[in-house]
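A short worksheet on the structure shown next.
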Amino acid sequence: MDKIIILDFGSQTTQLISRRVRDFGVYSEVLACDTNLDEYDMGDVKGIILSGSPYGVADEDPPTPHESVYKQNIPLLGICYGFQRMSTDFNGQVKSLDKTEYGRSKVAYVEECPLFTNIPEGFVSWMSHGDSVEKVGEGFSICAKSEHHIAAAWDKSRQFFGIQFHPEVTHCEYGVNVLENFAVEICGAKREWDMDQYFEMVKQRIIDQADGKPVLLLISGGVDSTVVGGLLLKALPSDQVYLMYVDTGLMRKNESAEVERFLKSLGAKHLYMIDAEERFLTPLKGVEEPEKKRHIIGDMFVTVQEQEISKILTCDYILAQGTLYTDLIESGKGVGKKAHLIKSHHNVKSPLIEAKRNEGKIIEPLDCLYKDEVRRLGSLIGLSDEIVHRHPFPGPGLGVRIIGEVTKEKCEILREADFIFIDELRKRNLYDKIWQAFCVLLPIRSVGVAGDARNYGYVLALRAIISKDGMSADVYPFEMQDLLEISSLITNSIRQIGRVVYDISSKPPATIEWE
Ligand code: XMP
């Protein structure tokens, strides 16, 4: 399949570039900025985009592309830092601005350039830069100016393009058209990216990777692992597919029973429901540090899996996982030496899973999909709306929603509160308007009064966000009445909870989960 690769220099909007390109039907992948393209399979790559960056070219140790990048004989588009990087690398000049150019700026054309085909002159671009290209690189000519600076330049013979503005940002007029002109018209990439195609491709990938061996999938009940379960059952004979659901004791209320029902309806033949509550809660005793909790839970998943699988499968097997593209990115893997580790998602970092990965014994059929694409794929393979539109649930479950030490008692309190919250959202027709909602139990007690008695209850935080793919999130703007009613329902039903607060932090700077 034709693709555009995006080299990530650390910009907040690198993923957005990739999304925009996929949205008009061209497959795109994000790679670390210093990827050696001579060692990468460039067969289907039709063009390269250099992303923006929090760095400037004059900073100490700025990110640089591998020298192979400029030698591929395919079109290249530098965006913001990417443009400055190219200009510098071809002996142009970049200067630091006294005042950052931020926000809207009209673009005037200097010469005709295919990047702007069918885009009216004077369109309003979106700028965000503290440096500016003063002299374009050798072989380049200026093709557009913004109100203050060079907006775009190109090297016609090499088909290298640079733009100072950010076409991926929604505020940029005709931004998508600029990217489309680059990918489709200039690079000639075919619009081959759609879910039907992906489904066919991924089915074949599963068959090849499984290579006739049994495939084991740990099912969490969340959308991702359920979609992987569905894919496995579509691609392989049901005899070859082993689905194992581990009840960690960190699940939502009624979750295990619902999951069992779903999986049976998918035609699962080998379905193992494992009660492992004790095995998870025991090593979590006294542990407060979030990363430590994540590692304990992640490793225990693997231990339980190995203990249990050895009871049912004695031969070599392949492990399947519902790892998403964003999981890989946010764990600082795959992309971006310049991307910071935010939190280790258990399904990526476990050393044992890494070992499976190194042995080539892992199938991760969602590893290049964003969450909303997983949902579309789920619908395509016939999963019900109820499953497909379920809010995401993290692998470590309630373990990362109980701040501080996790205990059975706290799990029960949180499970009950979460059930009330989610049930109310459904009753109020709010569930589908929200991307993810859940409760967080805080390690704080507060004084209250219940009847005439003093109450010293837990503080519970409600979280509800809207998002497209979990990479960024806005707070859901509840009507105050809904919050008030939900809060009193919770405090009236669960005596251990004395106070309810609503988390009004967006991502960034917060993350979606609290730990
Ligand atoms: P954060 O908290 O990183 O969450 O903003 C982004 C999305 O990822 C989910 N999440 C996880 N999913 N394993 C998962 O499979 C994990 O360890 C994990 N941690 C967070 C989170 O619920 C949100 O949807």
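The values are calculated or read from the model by the stated rules, or taken from the named source; none is laboratory data. As the structure is a computational prediction, the values presented were derived from the model and not from experiment. Positions of Cβ are generated from backbone atoms using ideal geometry, with glycine treated the same way; all protein chains shown enter the neighbour counts. Surface areas here come from the heavy atoms of the whole protein model, side chains and all, with no ligands, DNA or RNA. Shrake-Rupley method; radii C 1.70, N 1.55, O 1.52, S 1.80 Å.
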*Among Asp23, Asp2, Asp61, which is the only one that is at pLDDT 95 or above and of a type in the set (Asp, Glu)?*
Asp2
_One residue is enough: does segment 349-361 have a residue meeting the conditions away from the ligand (no atom under 11 Å from the Cβ), farther than 23 Å from Asp8 by Cβ and modelled with pLDDT of 90 or more?_
yes
*Say whether the condition of being modelled with pLDDT under 95, outside any strand (DSSP E or B), more than 28 Å from Phe199 (Cβ to Cβ) and not small (Gly, Ala, Ser) is met by at least one residue in segment 40-56.*
yes
*Starting from segment 494-515, keep only residues that are farther than 19 Å from Glu288 by Cβ, then list their pairs with residues that are polar (S, T, N, Q) and within 15 Å of the ligand (Cβ to nearest atom) whose Cβ atoms are within a distance under 8 Å, requiring at least 6 positions of separation or different chains.*
Ser506/Ser472; Lys507/Ser467; Lys507/Ser472; Pro508/Gln12; Pro508/Ser472; Ile512/Gln436; Ile512/Ser467
*What helices (runs of 4 or more DSSP H) completely inside segment 369-444 contain at least 3 residues that are out of contact with any Asp or Glu (no Cβ under 7 Å at 6 or more places or on another chain) and closer than 25 Å to Tyr456 by Cβ?*
408-427
*Looking at Gly397, Gly448, which is the one that is among the small types (Gly, Ala, Ser) and away from the ligand (no atom under 16 Å from the Cβ)?*
Gly448
*Which strands (runs of 3 or more DSSP E) sit wholly inside segment 174-288 and have at least 1 residues that are of a type outside the set (A, V, I, L, M, F, W, C), more than 30 Å from Ser125 (Cβ to Cβ) and open to solvent by 10 Å² or more (accessible area, probe 1.4 Å)?*
241-247, 270-275
*Mind listing whichever residues of segment 428-446 are charged (D, E, K, R) and over 18 Å from Ile512 (Cβ atoms)?*
Arg428, Arg445
*Tally, over segment 479-510, of residues that are surrounded by fewer than 18 Cβ atoms within 10 Å (Cβ to Cβ) and either within 16 Å of the ligand (Cβ to nearest atom) or not in a strand (DSSP E or B) (or both)*: 20
*Scan of segment 97-128 for residues that are farther than 19 Å from Tyr174 by Cβ and either of a type in the set (Lys, Arg) or under 33 Å from the mean Cα position of the chain (by Cα) (or both), ordered by number*: Lys99, Thr100, Tyr102
_If I filter segment 410-423 for residues that are surrounded by fewer than 14 Cβ atoms within 10 Å (Cβ to Cβ) and over 21 Å from Leu284 (Cα atoms), do I get at least one hit?_
no
*Restricting segment 468-478 to residues that are open to solvent by less than 30 Å² (accessible area, probe 1.4 Å) and in contact with an Asp or Glu (Cβ under 9 Å, 6 or more places away or on another chain), the residue that is nearest to Val447 (Cα to Cα)*: Gly470
